[in-house]
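Participant: The structure follows.
The values are calculated or read from the model by the stated rules, or taken from the named source; none is laboratory data. None of these values were measured; they are calculated from a predicted model. As a convention, Cβ positions derive from the backbone with ideal geometry for all residues, glycine included, and neighbour counts pool all protein chains shown.
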Amino acid sequence: MADEETSGGEIENPGSSRRTFLKQSTALAALAVTPPAGITALGNGFPEKAAAYELLPLQVEINGTVQKLSIEPRVTLLDLLREQLGLTGTKKGCDHGQCGACTVHLDGQRINACLTLALTTEGSQVTTIEGLTKGDTLHPMQEAFIKHDGLQCGYCTPGQIMSAVACIREGHADSPDEVREYMSGNICRCGAYANIVNAIMDVKQGGAKV
Amino acid sequence: MNPFRYTRVTTPKAAIAAVIQEGGTYFLAGGTNLIDLVKREVILPEKLVDITKLPLATIEKTATGIRIGALAKNSAVADHALVQKQFPLLAMALNAGASAQLRNMATVGGNMMQRTRCSYFYDPSMPCNKRSPVQSGPDKGQPNGPAGCGAIGGFNRMHAIFGGSGKCIAVHPSDMCVALAALDARVNVAGPKGERTIPFTDFHRLPGDRPQNDNTLLPGELILSVDLPTNAFAEHSHYLKVRDRASYAFALVSVGVGLKMNENTIQEARLAMGGVAHKPWRLTEVEQFLQGQPATEVTFRQAATLAMKGAKGYGENDFKLTLAPNALIDALKTATKTA
Ligand SMILES: Cc1cc2nc3c(=O)[nH]c(=O)nc-3n(C[C@H](O)[C@H](O)[C@H](O)COP(=O)(O)OP(=O)(O)OC[C@H]3O[C@@H](n4cnc5c(N)ncnc54)[C@H](O)[C@@H]3O)c2cc1C
Ligand code: SF4
Ligand code: FES
Ligand code: FES
C-alpha cells in the first residue's frame, strides 16, 4: 500500500521509462517504509548474506514440461513463473493472497501462487493461463470471457479465468449466487463482476468440457 | 523477502528436531499466513521446515468420532462427506473463511496457529507487544519493532470485547477454530518430550501479560491431528459470520451454534463466538442456561444478555457490544429453525 502511495504521484518522471521508474521507486519506497529490521539486514551486508544462501534443486512440471531448476528458498511460485520462466500471464496484484490475480492450478487445485513457496511444489504439476490454451485454440472459458466482455483492463483476467475453470470443475457453479461466493477470491478493480458471472454461467450451462 | 534457509522433512520426528535445533526456525504448512508475515518482515525466520510432505493429511472415522490430520486442507475438510453429515458447523465455518484458493492451501494446523490480523501487529514500525514482547528469549520470540499496544487508544474496530488485557486486545481471526471450540475438539500434538492431547478450549489463551504467546503449544511441538467426538447437533447447527463485505473478509463477530432439540425444547447446546477475544470464545454458562429452555425469542434474548456479561468496548469496537448479542440471537433462531 505504501509503495503505491509513494510512486503514485511521480509516474511522469521524465528521463526514465515508466517501468524502470516504477521498479526504482518501489525499491526506494520499500526502503523508506521498511522497519529497522530491513536496515539491519542492509547493515549486516545484505547482498553478501543473500548470496551465501544456497540454491536448492526443484523439479516441477509446468504446463506439461518438466522443469529442473535451481532456486533460492525465498522464491515464491509466482516469482518463479514470472521472473525466471518468463510466464508473465500470471499476474502479481497484491502479493499477499488478497486479490487472486496470481491464481494457478497446483495438482488440479486453484491456489494463490504469491503465497506458495516454489520449493514446496517439488514433484507437482502446475498449470498457468499459458497452459490452458491448446495450441491456437482458446479454452471455452477464455472464449466466454471475450463473448461476455468479462474484462476491462484485463489485469485480473488470467486469475479470474483460472479460478473460473476450477470453480466449475469443483462443482461450485450451480447458480449465479454460488459463483459469486466461490469467485470471491478474485478481485476486479474495474468491476467486471456481472459479466464474469455471465461468462461462467454460460460455460457451465453450455456443458463444454472445462 | 529476506533470505532464509529451507529444509524438507518426511517424518514428524525430523520436523520437531529441526525446529528445536535452531532458534528462528518455523514449520511451513500452506504458507498462507507464514509467507505473508515473512514478506511483511513481521517474522524474520532463519529457517523454514517444510512439513507439507508429512503423512498427516487424512480424515478418518474413529471409534468415538473423526480424526482430522493437521495437514488436511481446509477445503478437503469442508468437502468431506463425514464432516458435512456429522459436523456441518465445521464445514460452514471453514467455507466462511478466506477464499476458495486459500482454503485449498490452508491446513488445519496452520489455521489454528494463524496470527492475529491486528494492523499494528502487521506493521513492524508500529508499537505492538505481541510482535515485540518486552521479555524476549529463546521461546519468547525476539523483539521486532517498538513495544506497547497501538490498538489500545488507537484503531481498534476489529478488536476484542472479552478477555483483553492492558497489554493486548487482539482477536484470534479463525472461523474454523470457533466451530472446533464449540464441538469439544481435542488437539493431538508431538514434541521433544513426546505426545500429549490438549482440549481445544485450552489450546488458545488470553493475552494476559504474555501476548506474544497465542496458544499453549510448547517450543518444538507439532500439531498432528484434531479429534472430534460424535454429537447430536448436526440437524441444528449454524455458523453466522458478520463482516464488512459478503465474502472474503475476516469476521467482525461470528457465532457457532450446535443444538440438540426435542420438539421445541433445547436439550443440549454448544456455543462459541469469534472475532471477540484472543481465543475462540466458548460460552459454557449460556449453554447451561439454554438446557431445557423452549426455543423462543425470550429465551434467546436472555441467553444473549448472559453471553455479554463482562464485555468491554475500547472505542472504535463499541459497536460489537450490540452486534455480538444480536448475532447470537440470530444464529440461535436459524439453528432452531424459528427464524
Ligand atoms: C487474504 C486472506 C484472507 C483470509 N481470510 C480468512 C478468514 O476469513 N477466516 C479465517 O479463518 N482465516 C482466514 N485467513 C487465514 C487462513 O485461514 C490462514 O492463513 C491459514 O489457515 C493458515 O494455514 P497454513 O497451512 O497456510 O499455515 P502456514 O502459513 O503454513 O503456517 C501458519 C503458522 O502455523 C504454524 N504451523 C503450521 N502447521 C503446523 C503444525 N502442524 N503444527 C504446529 N505449527 C504449525 C507455522 O509454523 C506458522 O507459524 C485468510 C488469509 C488470507 C491471506
Ligand atoms: S492489540 Fe495486541 S497485536 Fe494489536 S497492537 Fe496491541 S499488542 Fe499488538
Ligand atoms: S497477487 Fe496473489 S493474491 Fe494478489
Ligand atoms: S478487468 Fe481490470 S481489474 Fe478486472
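Participant: What number of residues in region A:105-150 are within 11 Å of another protein chain (Cβ to nearest Cβ) and not small (Gly, Ala, Ser)?
Facilitator: Just the residues of region A:105-150 that are within 11 Å of another protein chain (Cβ to nearest Cβ), to begin with: A:105-124.
Pick out the ones that are also not small (Gly, Ala, Ser) and you get A:105-107, A:109-112, A:114-117, A:119-122.
Of the residues in region A:105-150, 15 are within 11 Å of another protein chain (Cβ to nearest Cβ) and not small (Gly, Ala, Ser).
Participant: On to the next question. Among the residues of region A:62-88, count how many are surrounded by fewer than 16 Cβ atoms within 10 Å (Cβ to Cβ) and assigned to a strand (DSSP E or B).
Facilitator: Residues flagged as surrounded by fewer than 16 Cβ atoms within 10 Å (Cβ to Cβ) and assigned to a strand (DSSP E or B) within region A:62-88 amount to 5.
Participant: Return the only residue of B:ILE169, B:ILE161, B:ILE152 being away from ligand 3 (no atom under 16 Å from the Cβ), surrounded by fewer than 23 Cβ atoms within 10 Å (Cβ to Cβ) and at pLDDT 95 or above. Give the steps one after another, and end with the answer.
Facilitator: Working: B:ILE169 fails: surrounded by fewer than 23 Cβ atoms within 10 Å (Cβ to Cβ); B:ILE161 fails: surrounded by fewer than 23 Cβ atoms within 10 Å (Cβ to Cβ).
After ruling out the rest, the residue left standing is B:ILE152.
Participant: Right, another one. Evaluate region A:161-170: report whether one residue or more is within 8 Å of chain B (Cβ to nearest Cβ) and under 20 Å from B:ILE35 (Cα atoms).
Facilitator: The answer is no, given that none of the residues of region A:161-170 is within 8 Å of chain B (Cβ to nearest Cβ) and under 20 Å from B:ILE35 (Cα atoms).
Participant: Here are some conditions: (1) surrounded by 20 or more Cβ atoms within 10 Å (Cβ to Cβ); (2) modelled with pLDDT under 95; (3) of a type in the set (Gly, Ala, Ser). B:ALA18 meets all but one. Which one does it not meet?
Facilitator: Among (1) surrounded by 20 or more Cβ atoms within 10 Å (Cβ to Cβ); (2) modelled with pLDDT under 95; (3) of a type in the set (Gly, Ala, Ser), B:ALA18 violates only (2).
Participant: Something else about it: Contact list please: Cβ distance under 9 Å, first residue in region A:199-210 and in contact (Cβ under 8 Å) with a residue 60 or more places away in the chain and assigned to a helix (DSSP H, G or I), second residue surrounded by fewer than 18 Cβ atoms within 10 Å (Cβ to Cβ) and among the acidic types (Asp, Glu), pairs at least six apart or on different chains.
Facilitator: Short answer, once both residue conditions are applied: A:VAL203/A:GLU143.
Participant: Residue under question is B:ALA98, and the condition is that it be on the phi > 0 side of the Ramachandran plot, touching a residue at least 12 places away in the same chain (Cβ under 8 Å) and either touching a Lys or Arg at 6+ places or on another chain (Cβ under 8 Å) or not assigned by TED's automatic domain parsing to the domain that holds B:PHE250 (or both); does it hold?
Facilitator: On the way: on the phi > 0 side of the Ramachandran plot: yes; touching a residue at least 12 places away in the same chain (Cβ under 8 Å): yes; either touching a Lys or Arg at 6+ places or on another chain (Cβ under 8 Å) or not assigned by TED's automatic domain parsing to the domain that holds B:PHE250 (or both): yes.
The answer is yes for B:ALA98.
Participant: Name every residue in region B:63-76 that is at negative phi and away from chain A (no Cβ under 14 Å), in order of residue number.
Facilitator: Within region B:63-76, B:ALA63, B:THR64, B:ILE66, B:ARG67, B:ILE68, B:GLY69, B:ALA70 meet the criteria.
Participant: On to the next question. Where residues in region B:25-42 are farther than 18 Å from A:GLU72 by Cβ and in contact with a helix residue (DSSP H, G or I) (Cβ under 8 Å, 6 or more places away or on another chain), which of them is farthest from the other protein chains (Cβ to nearest Cβ)? First the steps, then the outcome.
Facilitator: Kept after step one, since they are farther than 18 Å from A:GLU72 by Cβ, are these residues of region B:25-42: B:27, B:29-30, B:32-33, B:36-37, B:40, B:42.
Keeping just the survivors that are in contact with a helix residue (DSSP H, G or I) (Cβ under 8 Å, 6 or more places away or on another chain) gives B:27, B:29-30, B:32-33, B:36.
Values: B:PHE27: 12, B:ALA29: 9, B:GLY30: 8, B:THR32: 5, B:ASN33: 9, B:ASP36: 5 Å.
By that ranking, first place goes to B:PHE27.
Participant: Now a separate question. Please verify whether A:SER163 is at pLDDT 95 or above, buried (at least 18 other Cβ atoms within 10 Å of the Cβ) and under 23 Å from B:ASN95 (Cβ atoms), treating the condition exactly as stated.
Facilitator: Details: at pLDDT 95 or above: yes; buried (at least 18 other Cβ atoms within 10 Å of the Cβ): yes; under 23 Å from B:ASN95 (Cβ atoms): yes.
Judged against the criteria, A:SER163 is a match.
Participant: Then there is this: Scan region B:266-289 and tell me whether some residue there is in a loop (DSSP other than H, G, I, E, B) and of a type in the set (Phe, Trp, Tyr).
Facilitator: no
Participant: Check A:GLU181 against each of (1) within 16 Å of ligand 1 (Cβ to nearest atom); (2) within 13 Å of A:CYS99 (Cα to Cα); (3) assigned to a helix (DSSP H, G or I) and name the one condition it does not meet.
Facilitator: (2) is the only condition that A:GLU181 fails.
Participant: Among the small types (Gly, Ala, Ser), surrounded by 21 or more Cβ atoms within 10 Å (Cβ to Cβ), outside any strand (DSSP E or B) and more than 8 Å from every other protein chain (Cβ to nearest Cβ) - does that describe any residue in region A:97-104?
Facilitator: Filtering region A:97-104 down to residues among the small types (Gly, Ala, Ser) leaves A:97, A:100-101.
Next, only the ones that are surrounded by 21 or more Cβ atoms within 10 Å (Cβ to Cβ) stay: A:97, A:100-101.
Remaining after also requiring outside any strand (DSSP E or B): A:97, A:100-101.
Imposing the further condition that a residue be more than 8 Å from every other protein chain (Cβ to nearest Cβ) reduces the set to A:101.
Yes.
Participant: Before we move on, is B:SER99 modelled with pLDDT of 95 or more, at the interface with chain A (Cβ under 9 Å from one of its Cβ atoms) and under 18 Å from the mean Cα position of the chain (by Cα)? Let's see the steps before the verdict.
Facilitator: Values: modelled with pLDDT of 95 or more: yes; at the interface with chain A (Cβ under 9 Å from one of its Cβ atoms): yes; under 18 Å from the mean Cα position of the chain (by Cα): yes.
Answer is yes for this residue.
Participant: What is the residue count in region B:18-41 for residues that are small (Gly, Ala, Ser), over 22 Å from the mean Cα position of the chain (by Cα) and part of a loop (DSSP other than H, G, I, E, B)? Full working, then the answer.
Facilitator: If we filter region B:18-41 for residues that are small (Gly, Ala, Ser), which is where we start, we get B:18, B:23-24, B:29-31.
From the residues that got through so far, the ones that are over 22 Å from the mean Cα position of the chain (by Cα) too are B:18, B:23-24.
Okay, now just the ones that are also part of a loop (DSSP other than H, G, I, E, B), so B:23-24.
Residues in region B:18-41 being small (Gly, Ala, Ser), over 22 Å from the mean Cα position of the chain (by Cα) and part of a loop (DSSP other than H, G, I, E, B): 2 in total.
Participant: When region B:75-106 is examined, which residues are found to be of a type in the set (S, T, N, Q), within 16 Å of ligand 3 (Cβ to nearest atom) and touching a helix residue (DSSP H, G or I) at 6+ places or on another chain (Cβ under 8 Å)?
Facilitator: Quick first cut of region B:75-106, residues of a type in the set (S, T, N, Q) only: B:75, B:84, B:86, B:95, B:99, B:101, B:104.
Checking which are within 16 Å of ligand 3 (Cβ to nearest atom) leaves us with B:99, B:101, B:104.
Those that are of a type in the set (S, T, N, Q), within 16 Å of ligand 3 (Cβ to nearest atom) and touching a helix residue (DSSP H, G or I) at 6+ places or on another chain (Cβ under 8 Å): B:GLN101, B:ASN104.
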